[in-house]
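Beneath this line is the structure, given in structure tokens, with notes to follow.
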Amino acid sequence: MKAKLALLLAAVLGCSLVLSGCWNSRELNELAIVSGIGLDSLDGKQGYRVTFQIINPSSSAQTTGSASNQPPIIVVSATDRTIFGALRKASRRATRQLFFAHTQLVLIGESLAEKGITSVFDIFERSHELRLNSAVLVSKGTDAASVLKLLTTLESMPSMGLLKKMQNTSRVWGENRKVTVFEVINGITGESDFTVNGVEIVGDAAEGEKKSSLEQSDPMVGSLMSGLGVFKEGKLIGWLNGPQSRGTQWVLDKINETSINIDSPDMEEDIAVNIFYSKTRVKVELQEGKPVFHVHISEEGIINETGGFVDLSKEDELQELQKEMAEKTAAEVRQAVKAAQDMKTDIFNFGNELKRIHPQSWETVKEDWSAAFAEGELDLKVDAYIRSTGMRLKPYIPAKK
Amino acid sequence: MPNQTTESKPGELNNSKEQGPPIYLKLEDNIKQICDRLGNSPDLIVRAYESPFQDIRVKTLYINGLIDKELVEDYITHALSFDSLRQGIEPAAEEAFAYAKEKAQNIGKEKIVEDQNSLLEGLLSGDTMILFDGLGKGISVSTSGGEGRSVTEATTQVNIRGPKDSFTESLGTNLSLVRKRIKNPNLWIETLTIGAVTKTDVSIVHIHGLAKEETLQQIRKKLADIHVDSILESGYIEQLIEENNYSPFPTLYNTERPDSVAGNLLEGRIAIFVDGTPFVLILPATFFMFFHTVEDYYQRYDISSIIRVLRFICLLVSLFGPAIFVAALNFHQEMIPTPLLINFASQREGVPFPVVIEVLLLEVTFEIIREAGIRMPSQIGQTVSIIGGLVLGQAAVQAGIVSPAMVIVVSLTGISSFATPAFNMALSIRILRFIITFVAAYIGLYGIAIIGLMLVAHLCSLRSMGVPYMSPVAPFASGDQKDIFLRTPLHFMKTRRRLISKNSKVPGTTAQLSRDNRHES
């Protein structure tokens, strides 16, 4: 009896061992690793043209294995009504099964973005392979496929290159930030609107697909991180550029490090301040039915360059510069808020903030938040500090008599 | 064959107390009988002694090579000269016998033998026999000696700092090496003979008052229950008394280092010495013992602790290294950072086999090199490892049979397995590694988790002489953690492990011990 029971138990356990688990062992050399996905709309038709940037391992790895002269990536496109359909249809062009777990980048073509991207991201949440932390970019003035086809120098994998470009510029310049699929979905579902980084092609796109374009020190073609695409209700309605986009990041408290030029007593914008710390606190409330946005920014910087004479050893000079610095920052933020208000698009998450802190007030404005937002008043306060003047105090430039 | 029991009755195997036929009265009959039973062996030396008295005829017997020649010469010339008997009238044989017996006390361990079996046994264990004509009894004197290896440096458990001596094949030498370290009357030694044919001396050594009485009893009983022809190495004893014959894990610790034995005795453990081998068994053994070395206690605690942690990391690497690699490459490609995955992918581009086959190919090659290297004379052993490691590894990669990353994984696991100080434990881990790799190739990390759980459950079910194998981690004893994963400073170590030792207080041990003895006696 006991032996029978043990046998039964062993059989059940054995079965569970054999029958369960993910029986999807796949060898690496049977996989096509997809590094980037491009989504474009079809002219006059429903559906997508999905472009995959597939890594060609033998020519993109840094090993001395089997190096070949092929380009480091291969781009395959397929069109279908659904994205998944396109994924599978692409098998007619690819020798290996597409593998999406390492997708770095999701590029959305400008035309698709204008049509609306609300329904695009469902597969990213549903599929176990696609990642929610892939970065999202909108191609500006071109379609996603052409950006994916560009070869890059320095980084052998173009998607990785674009991603690094985005991370790098958001770290030291601050006009952009990494927006992931997850954040976009949050933006779509939340009360506010959202922005997505734009990327544009500089130069002749067709030339950039050839490997020969990499064989000169100044590549003729390249991609450039450019501004923020403003999405309202899932549709691209405009672009924020330069100071506007940096102002946006400032309000969103996404500035890591950046640089602004302030005026010296002699000349305009000839002192470069490297801002290495910035913290933004946002409060939103309704005053007499009108939203007021209290934005409080504290920032700290180092003077990295002066173009004229400033006596940095004097406290009041520094005070002056700090004031200047605060004003410049405030100007950028005001520009950004104004641009957003003109587009009646709350890209600063103010709506969510109001809903969170004053849910009752939110109830009164939620019906027409866009209009209320556009009417909103900005109460901006910037505290700027200069913490260091670099390795010297007074510049070698003589003071003007 | 080691494990075959003989047909003879259990009683006569272990001790020689059972009575054989009595010794013949006539000297010549006895000699003839012994020669017959030894098959006229040429190493039996029979020396007639020219006695000063006519009626007394004496012969000494011993086996050449088993005895200490000087001792025998000394004894014969002095004891059998019957100096003090010469003055008087011719003594009776009994009187001369008593005289010789008394003189034999100079050498020690003298005893009277009256039956043929004990006579032979004594001869074979290096005793010298003195037989008197017409008495039907003889004197046995312990003169064992002969050639043996001298005490040399340990070869299997090498250390940087610490004593350099190691055990030899001689039981007496080995016991003395431990005695020299523990100068305490409570170091008790019991000796018994095991093996129907080989009659091997086996000693149980413990520190009275520290070792647990129940464990001792258990060991005595287990040793008494061994019925085999031969004990050629302590491994025989180990396999015959261990509780889990079908477990891959060793439940008895063995060492050839006297300081290791001394340390373990002081922790309340019990050692089993076997004549003819330098490897001493220590029990009860727990899992974590196999990852400690004596040198941990000689180096400063911080260094030792870090090295211990490193050893446990090596354990994990050598158990799970290839398995995790296979699982990640076959099932969980999303876990690998993208640039690394691309590197792996490009390396695998030209490899025709699945990852598992690649792993097994290399692992088996590695095992072959290792085994060949061990059995070869040391000069050739080096050549084997050079050809195997450098040439084969490099060429296999260039020939596109395996990928370079695989060579790294396999060699890392191979080296990690050598970081386990106990060789028998390292062997078990190596075998388990193959099983785990198979499972990982079959169902990925899920399989590794399952087999890991099974391993833990199995380890927790093991016992060594009644002590849970995983103690003091499972069952958890918070007070005993100070010398498991880390080696805390020596002044923290004020208690012995409760499950192993009877007396868990460390300071003042000797005082405590002598008091205990007084109570008991």
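Taking each of A:Lys254/A:Lys355; A:Lys178/A:Lys366; B:Lys26/B:Lys69; B:Lys32/B:Lys59; A:Lys279/A:Lys328; A:Lys279/A:Lys366 in turn, the alpha-carbon distance tops 19 angstrom for A:Lys254/A:Lys355; A:Lys178/A:Lys366; B:Lys26/B:Lys69; A:Lys279/A:Lys366. Straight-distance candidates among the lysines for linking to B:Lys502, with alpha-carbon spacing under 21 Å and chain neighbours fewer than 8 residues away dropped: B:Lys183, B:Lys212, B:Lys221, B:Lys222, B:Lys482, B:Lys494. Buried surface between chains A and B: roughly 2400 Å² of accessible area, summed over both sides, computed with a 1.4 Å probe on protein heavy atoms only. Span-like helix criteria (full DSSP H runs; alpha carbon extent of at least 18 Å along the helix axis; mean Kyte-Doolittle hydropathy of at least 0.5) are satisfied in chain B by B:301-330, B:355-375, B:404-418, B:423-461. Which value at 222 nm does chain A reach when only helices count, each DSSP H run of 4 or more adding -39,500 (n - 2.57), with the total divided by all residues and rounded to the nearest 500 deg cm²/dmol? Calculated at 222 nm, the ellipticity per residue is -9500 deg cm²/dmol.
Atom-type composition of the exposed protein surface of region A:242-401 places 46 percent of the accessible area on carbon and sulfur (1.4 angstrom probe).
The accessible surface of region A:28-239, taken with every protein chain in place and a 1.4 Å probe, is 48 percent carbon and sulfur. Computed per residue of chain B from DSSP H runs no shorter than four, each worth -39500 (n - 2.57), the mean residue ellipticity at 222 nm is -14000 deg cm²/dmol. Rg over Rh for region B:27-142 works out to 0.94, both radii taken from alpha-carbon positions and Rh defined as the Kirkwood radius.
Across peptide A:24-34, the average count of Cβ atoms from other chains found within 10 Å of a residue's Cβ is 6.
Computed from the C-beta positions of A:Leu132 and A:Glu30 and an R0 of 22 Å, the FRET efficiency is 0.30 to the nearest 0.05. When the Cα gyration tensor is reduced to axis lengths a ≥ b ≥ c, the ratio a/c is 1.5 or higher for chain B, and with a/b above b/c it is classed as prolate.
Rounded to the nearest 10 degrees, the angle from helix A:2-19 to the longest Cα principal axis of chain A is 60 degrees.
A Cβ-based charge dipole, computed about the Cα centre of region A:262-401 with Lys and Arg at +1 and Asp and Glu at -1, lands at about 360 debye.
Centre-to-centre, using Cα atoms only, region A:341-359 and region A:192-209 are separated by 28 Å. Report note on the peptides B:154-163, B:417-426, B:309-318: ranked by the mean count of other C-beta atoms within 10 Å, highest first, their order is B:417-426, B:309-318, B:154-163. Distance between the 7 Å Cα→Cβ label points at B:Asn245 and A:Thr153: 7.5 nm.
Take every Cα pair under 8 Å in chain B that's 6+ residues apart, average their separations, divide by the length, and report that relative contact order as a whole percent. Mind showing how you got there, number by number?
Working: 815 pairs, mean separation 76.5, N = 521.
In percent, rounded to a whole number, it is 15.
Packing, taken as the mean count of other beta carbons within 10 Å per residue, orders the peptides B:195-204, A:129-138 from highest to lowest as A:129-138, B:195-204. Shape analysis of chain A places it in the prolate category; the axes a ≥ b ≥ c from the Cα gyration tensor give an a/c of at least 1.5, with a/b above b/c.
Entry note, region B:27-142: relative contact order of 29 percent, from Cα contacts under 8 Å with a spacing of 6+ residues. Listed by chain and number, the lysines whose alpha-carbon sits under 16 Å from that of B:Lys199, ignoring those within fewer than 8 places in the same chain, are B:Lys9, B:Lys17. For region B:246-283, chymotrypsin sites (Phe, Trp or Tyr not before Pro) are listed when DSSP marks them as loop and at most 12 other Cβ atoms sit within 10 Å of their Cβ; the list is B:Tyr246. The peptide list A:7-14, A:352-359, B:472-479, put in order of mean Cβ contacts within 10 Å with the highest first, becomes A:352-359, B:472-479, A:7-14. Where both bridge residues fall in region A:47-201, DSSP classifies roughly 55% of the beta bridges as antiparallel. Projected label points at A:Ala3 and A:Arg356, each 7 Å from Cα along the beta carbon direction, are separated by 6.7 nanometres.
How many percent of Cα pairs in region A:242-401 exceed 29 Å?
Beyond 29 Å sits 30 percent of the P(r) for region A:242-401.
Once the 1.4 Å probe is applied to the protein heavy atoms, the protein assembly as shown comes out at 48 Å² accessible per residue. Note on chain A: antiparallel DSSP beta bridges, both residues inside, total approximately 65 percent of the bridges counted. For region B:74-201, the Kirkwood estimate of the hydrodynamic radius, built from every pair of different alpha carbons, is 17.9 Å. Within 10 Å of the Cβ of each residue in B:328-337, the mean number of Cβ atoms contributed by other protein chains is 4.
Taking 0.36 nm per intervening residue step and subtracting the Cα-Cα distance, what contour gain separates B:Glu28 from B:Glu147 on full extension?
39.8 nm
Taking amide H positions as modeled 1.01 Å from N, with prolines and chain starts lacking one, the residues under 5 Å from B:Ser464 and 5 or more places away or on another chain are B:Tyr469.
Of all the accessible heavy-atom surface of chain B, with the other protein chains kept in place and a 1.4 Å probe, what percent is carbon and sulfur?
Whole-percent figure for carbon plus sulfur exposure: 61.
When you restrict to C-alpha pairs under 8 Å that are six or more residues apart and normalise by the size of region B:171-285, the relative contact order lands at 32 percent.
Of the residues B:Val178, B:Gln217, B:Ile139, the one whose Cα sits farthest towards the positive end of the charge dipole of region B:126-241 is B:Val178 (charges of +1 on Lys and Arg Cβ, -1 on Asp and Glu Cβ, taken about the Cα centre). For the protein assembly as shown, the gyration tensor built on C-alpha atoms gives a prolate shape. Its axis ratio a/c (a ≥ b ≥ c) is at least 1.5, and a/b is the larger of a/b and b/c.
For the segment B:442-455, counting C-beta atoms of other chains within 10 Å of every residue's C-beta and taking the mean gives 2.
The values are calculated or read from the model by the stated rules, or taken from the named source; none is laboratory data. Being a predicted model, the structure only gives us computed values, none of them experimental. Neighbour counts are summed over all protein chains in view; Cβ atoms, including those assigned to glycine, are modelled from backbone coordinates with ideal geometry. Accessible surface is based on the protein model in full, side chains and every heavy atom, while ligands, DNA and RNA are left aside. Shrake-Rupley method; radii C 1.70, N 1.55, O 1.52, S 1.80 Å.
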